[in-house]
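The values are calculated or read from the model by the stated rules, or taken from the named source; none is laboratory data. Nothing here was measured: the structure is a model prediction, and the numbers come from that model. A quick note on method: Cβ atoms are made from the backbone with ideal geometry, for glycine too, and the neighbour counts reach across all protein chains shown. Surface areas here come from the heavy atoms of the whole protein model, side chains and all, with no ligands, DNA or RNA. Shrake-Rupley method; radii C 1.70, N 1.55, O 1.52, S 1.80 Å.
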Protein chains: 4
Amino acid sequence: SNNFFLLAGPCAIEGEEMALRIAEKIISVTDKLEIPLIFKGSFKKANRSRVDSFSGIGDEKALKILQKVSKTFGVPTVTDIHESGDAYLAAQFVDVLQIPAFLVRQTDLVVAAAKTGKVVNLKKGQFMSAESMKHAVNKVIDSGNEKVMITDRGTMFGYQDMIVDFRGIPTMKQFGTTILDVTHSLQQPNQTSGVTGGRPDMIETIARAGIATGVDGLFLETHFDPANAKSDGANMLHLDHLEKLLTNLVAIRKTINTL
Amino acid sequence: SNNFFLLAGPCAIEGEEMALRIAEKIISVTDKLEIPLIFKGSFKKANRSRVDSFSGIGDEKALKILQKVSKTFGVPTVTDIHESGDAYLAAQFVDVLQIPAFLVRQTDLVVAAAKTGKVVNLKKGQFMSAESMKHAVNKVIDSGNEKVMITDRGTMFGYQDMIVDFRGIPTMKQFGTTILDVTHSLQQPNQTSGVTGGRPDMIETIARAGIATGVDGLFLETHFDPANAKSDGANMLHLDHLEKLLTNLVAIRKTINTL
Amino acid sequence: SNNFFLLAGPCAIEGEEMALRIAEKIISVTDKLEIPLIFKGSFKKANRSRVDSFSGIGDEKALKILQKVSKTFGVPTVTDIHESGDAYLAAQFVDVLQIPAFLVRQTDLVVAAAKTGKVVNLKKGQFMSAESMKHAVNKVIDSGNEKVMITDRGTMFGYQDMIVDFRGIPTMKQFGTTILDVTHSLQQPNQTSGVTGGRPDMIETIARAGIATGVDGLFLETHFDPANAKSDGANMLHLDHLEKLLTNLVAIRKTINTL
Amino acid sequence: SNNFFLLAGPCAIEGEEMALRIAEKIISVTDKLEIPLIFKGSFKKANRSRVDSFSGIGDEKALKILQKVSKTFGVPTVTDIHESGDAYLAAQFVDVLQIPAFLVRQTDLVVAAAKTGKVVNLKKGQFMSAESMKHAVNKVIDSGNEKVMITDRGTMFGYQDMIVDFRGIPTMKQFGTTILDVTHSLQQPNQTSGVTGGRPDMIETIARAGIATGVDGLFLETHFDPANAKSDGANMLHLDHLEKLLTNLVAIRKTINTL
């Protein structure tokens, strides 16, 4: 259908019930709008600002929930890995291994992900230019894996803010399939509290710009109760707003496809 | 028609012939696409990096050419002013007075422009947030002039680059009519040569994002021979590319209007 | 004595009494420490965020107060100008004409200042690299005036913060006498209130780094009651802290002179 | 002696001979100047831009060379670790475990380092504020290890440059012993070539500012032949320049100690 695809789900897998509930709701929307979906959930949160932040429910337990979502609804899944040893483990349960933005320069991790043969989704570091993602992509390809995607999640702007540089979209499309992570791009890091803030009111603005500038896919975190989610509550889209958002984006995409 | 409007023309008025030639070409496109046009040209270049850069052909001479364009083609015109004294002079020849980005914090200049009763177009400083433009807008309104527009022309990112922060578009629309300057937003300042660089290959990318995020108007500089223009050659759009660009943008705008 | 020199005084000339009182106190300190002083005061505040901010007591009135300070204490004075027409006026009353950071790219203003034959102090734009100040310096020299100084006042970092890039000090010293403005470098612009914030607790930190990296002079704003000053209260140093600060800086300078 | 201390050595351990040769030379200088030394060398380079960059000579082989340096010269040593599993291994050979800047948000890694009981040196992320390092420090302390140090290595400024924000020095000293990494702070990342650039001509400028603003220690990479070093050649200080640099810094430190 030449539509964009979507990586979506909650920030962290908090339990089976919430994962299935969120997946079911997302799929009801993406099926209707003919948007290919990859269900997203972190099995572990390894880079929180504070040691007392929620870090997960147990690695295998969470990965099995991702697998159950996949089998229940027939959708592929994606999760992020943080050390080389995670690659082999996670690859047994999910379809796409994601390298977090802070870790995209870690050669061992990128190579370990590549060697599983799974699709590798490289988040652009907040400290990296679009052009420099070519080197990260090449680490995957040089490891014998051509299935590589790049996801922009904004660029550091001052200590406590991020900007999406849309010049990066056509630049990164030269290197591989390019995704825009609309919820993390709106984070506001380094807040005094040690809890990252966000601008969820700007999700549709950033997503529209992404579609208009030609992204292949969108990434977003969504939850039925963001305020009580165990992580990234400040950024996630409320599930109830997903259909209207995606409906608008599909309309723009259809026009872009004709240009 | 609920279309976006356009401020377009060459960077500087280099002479009557070139101004009329550029205006005629732009109007042939904007008429066809039903885009309201305000013809743009600087009567003086006052903030060049180097003292030996081209600074203009004479103030009144250039302003009279703008007036001639207006009368010949029946379009309103805009020019930028740099000192309070320019406001009264320029107001006799043009319809919109533009405050350059570097000068948008100069109260005397903004108030002088406001007091002419002309439309005032405030460029967002490269060093200002979208939110802080509210104060600049209020300086115009507090001077008794409600006809105020805001133009984003990018935000400083490192010494030699700029990024457009599209979160600023909905923010500034709360304060007034909001325009995106697509050619200056792609400048690359502080180059070693003392001549500002640019990324004209990214004009359509940035313009599409602007339309998708809801700008009321676009601003762009265009010339039939950018490489030989007397200023800003590194950024201007070649006139021959204008129709295709605007055609694509109108298509996106029509979709946006339906959302 | 090979000491650093100092440009200091209140942000704005609020009246004769306060100017004389501040000057007397500064001079008692700089005389003791053998620091050459140029007394600083703005005769007009032309670039405030909001139109209701204090803008001055009257141009000539303020300039005459600066002249009186000069005659009373035998010190040279500096003030900032905002439009070309100010240059001739201010040059009749002060010894150094200062070009504000936002205006340092305005050729007409820089040339007008240069042509008075007075010393010209160019503030580095918050949006400019140290290297690019060479072009501003050349505008003064090309106007026949070799008496030019450069003052760093920090570089924009995100919307609401500034950083001093100390690599710029040796760079700018290649172009002329180089000063560090320690109070404005600690501004925090674009605050929601429309009033610029600051970090006066960091004045000594930044000043020490400036002396250690070889600045020729320091610039600072000081007041006997910063909280009630009519402008820049968030940044100014309390006069009572001046002697201790300068004593420490002179000690560092003496060591630097031996290296 | 209340002097600053020094972490210094080559970027990577390329072999035993070079490590001993560099250590001997550094120690001859630091002994003379009474600067406590911790010898630095990476046993593995895990975050290179390109997969074909040099990544090391073998983990244990390199760690044993560090141990040999320690025994030969009676100096403590520091190396950086990249995955939790490295912590236990490296702790058997060195005295200080360093967390790289890109990895300082990785809780598992920081906790693993802390649990070895060794001193943990946390590099400030290029994307982190000084204030936010408090949370990283707390991860070490909350793991039962009070021996924690913080090292500033500059802050991202645009895509291809870094600035040291010296306001961060007194801020981080509130959380723990604070070090300035003068060579990495001068890196210029994201260069088109995929090889990080640098400004070694600015090493003394940045180091002087660090000492003047009160750092407890300095970190620098040095080599007898930077141009032919296997990594970071663009940033390292030539060994022959070490004595003059440190002599100047000790002089400044002595003055600072008296203030």
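Quick check: anything in the stretch B:183-192 more than 10 Å from chain A (Cβ to nearest Cβ) and on the phi > 0 side of the Ramachandran plot?
Checked the stretch B:183-192: at least one residue is more than 10 Å from chain A (Cβ to nearest Cβ) and on the phi > 0 side of the Ramachandran plot.
Condition check: within 9 Å of another protein chain (Cβ to nearest Cβ) and either free of Cβ contacts under 8 Å to residues at least 40 places away in the same chain or in contact with a helix residue (DSSP H, G or I) (Cβ under 8 Å, 6 or more places away or on another chain) (or both). Does B:R153 satisfy that?
It is false that B:R153 is within 9 Å of another protein chain (Cβ to nearest Cβ) and either free of Cβ contacts under 8 Å to residues at least 40 places away in the same chain or in contact with a helix residue (DSSP H, G or I) (Cβ under 8 Å, 6 or more places away or on another chain) (or both).
Please specify each residue of the stretch C:136-195 satisfying the condition of being touching a His at 6+ places or on another chain (Cβ under 7 Å) and buried (at least 22 other Cβ atoms within 10 Å of the Cβ).
C:R153, C:G154
Restricting to the stretch B:96-130, and then to whatever is in a helix (DSSP H, G or I) and in contact with a strand residue (DSSP E or B) (Cβ under 7 Å, 6 or more places away or on another chain), can you tell me which residue is nearest to B:G217 (Cα to Cα)?
Taking the candidates together, the pick is B:A101.
Considering only residues that are open to solvent by 10 Å² or more (accessible area, probe 1.4 Å), more than 14 Å from chain A (Cβ to nearest Cβ) and polar (S, T, N, Q), which ones fall in the stretch C:109-131?
Passing the criteria: only C:T116.
For the list (1) open to solvent by less than 10 Å² (accessible area, probe 1.4 Å); (2) at pLDDT 90 or above, I need the number of the one condition that C:N235 fails.
Unmet for C:N235, out of (1) open to solvent by less than 10 Å² (accessible area, probe 1.4 Å); (2) at pLDDT 90 or above: (2).
Kindly establish whether D:R105 is touching a residue at least 24 places away in the same chain (Cβ under 8 Å), at negative phi, surrounded by fewer than 24 Cβ atoms within 10 Å (Cβ to Cβ) and more than 14 Å from chain B (Cβ to nearest Cβ).
no
Looking at the structure I just gave you, is D:D216 open to solvent by 10 Å² or more (accessible area, probe 1.4 Å), touching a helix residue (DSSP H, G or I) at 6+ places or on another chain (Cβ under 8 Å) and either acidic (D, E) or closer than 24 Å to A:I163 by Cα (or both)?
yes
Collect the residues in the stretch B:231-259 that are touching a strand residue (DSSP E or B) at 6+ places or on another chain (Cβ under 9 Å) and more than 25 Å from B:F43 (Cβ to Cβ), keeping them in residue-number order.
B:H241, B:L245, B:L246, B:L249
Residue check, C:K45 against (1) of a type in the set (D, E, K, R); (2) within 30 Å of C:I169 (Cβ to Cβ); (3) in contact with a Leu (Cβ under 9 Å, 6 or more places away or on another chain), all met but one. Which one?
It is condition (3) that C:K45 fails.
Take B:D201 and tell me if it is modelled with pLDDT of 95 or more and either among the charged types (D, E, K, R) or surrounded by fewer than 20 Cβ atoms within 10 Å (Cβ to Cβ) (or both).
When the stated conditions are applied, B:D201 does not pass them.
Condition check: among the β-branched types (V, I, T) and either within 14 Å of chain B (Cβ to nearest Cβ) or open to solvent by less than 30 Å² (accessible area, probe 1.4 Å) (or both). Does C:I57 satisfy that?
no
For the condition modelled with pLDDT under 95, of a type outside the set (V, I, T) and under 15 Å from B:I13 (Cβ atoms), what is the one hit in B:F93, B:F39, B:F54?
Step by step, each of B:F93, B:F39, B:F54 is checked, and only B:F54 is modelled with pLDDT under 95, of a type outside the set (V, I, T) and under 15 Å from B:I13 (Cβ atoms).
Considering only residues that are farther than 21 Å from C:E131 by Cβ and assigned to a strand (DSSP E or B), which ones fall in the stretch B:164-194?
Within the stretch B:164-194, B:T177, B:T178, B:I179, B:L180, B:D181 qualify.
At pLDDT below 95 and of a type outside the set (D, E, K, R), is that true of B:G176?
So B:G176 fails the test.
Kindly check whether there is at least one residue in the stretch C:219-230 that is within 20 Å of C:S42 (Cα to Cα), open to solvent by 10 Å² or more (accessible area, probe 1.4 Å), over 16 Å from the mean Cα position of the chain (by Cα) and of a type in the set (K, R).
Among the residues of the stretch C:219-230, at least one is within 20 Å of C:S42 (Cα to Cα), open to solvent by 10 Å² or more (accessible area, probe 1.4 Å), over 16 Å from the mean Cα position of the chain (by Cα) and of a type in the set (K, R), which makes the answer yes.
Filtering the stretch D:1-21 down to residues that are open to solvent by less than 20 Å² (accessible area, probe 1.4 Å) and in a strand (DSSP E or B), which residue is nearest to D:A251 (Cα to Cα)?
Result: D:L6.
What number of residues within the stretch D:232-259 are in contact with a Gly (Cβ under 7 Å, 6 or more places away or on another chain) and of a type outside the set (A, V, I, L, M, F, W, C)?
Residues that pass the stated criteria total 1.
Of everything in the stretch C:22-54 that's within 14 Å of chain B (Cβ to nearest Cβ) and more than 22 Å from C:A90 (Cβ to Cβ), which residue is surrounded by the most Cβ atoms within 10 Å (Cβ to Cβ)?
Going through the qualifying residues, I end up with C:S49.
Scanning for something in contact with a Phe, Trp or Tyr (Cβ under 6 Å, 6 or more places away or on another chain), closer than 24 Å to C:P200 by Cβ, within 14 Å of chain A (Cβ to nearest Cβ) and modelled with pLDDT of 95 or more, does the stretch C:73-89 turn up at least one residue?
Within the stretch C:73-89, not a single residue is in contact with a Phe, Trp or Tyr (Cβ under 6 Å, 6 or more places away or on another chain), closer than 24 Å to C:P200 by Cβ, within 14 Å of chain A (Cβ to nearest Cβ) and modelled with pLDDT of 95 or more.
Tell me which residues, restricted to the stretch C:66-95, are open to solvent by 10 Å² or more (accessible area, probe 1.4 Å) and in a helix (DSSP H, G or I).
Result: C:Q67, C:K68, C:S70, C:K71, C:T72, C:F73, C:S84, C:G85, C:D86, C:Y88, C:L89, C:A91.
Of all the residues that make up the stretch C:147-200, how many are of a type outside the set (A, V, I, L, M, F, W, C) and within 27 Å of C:N2 (Cα to Cα)?
Adding up the residues that qualify gives 19.
Within the stretch B:198-248, how many residues turn out to be within 14 Å of chain A (Cβ to nearest Cβ), part of a helix (DSSP H, G or I) and of a type in the set (A, V, I, L, M, F, W, C)?
Qualifying residue count for the region: 9.
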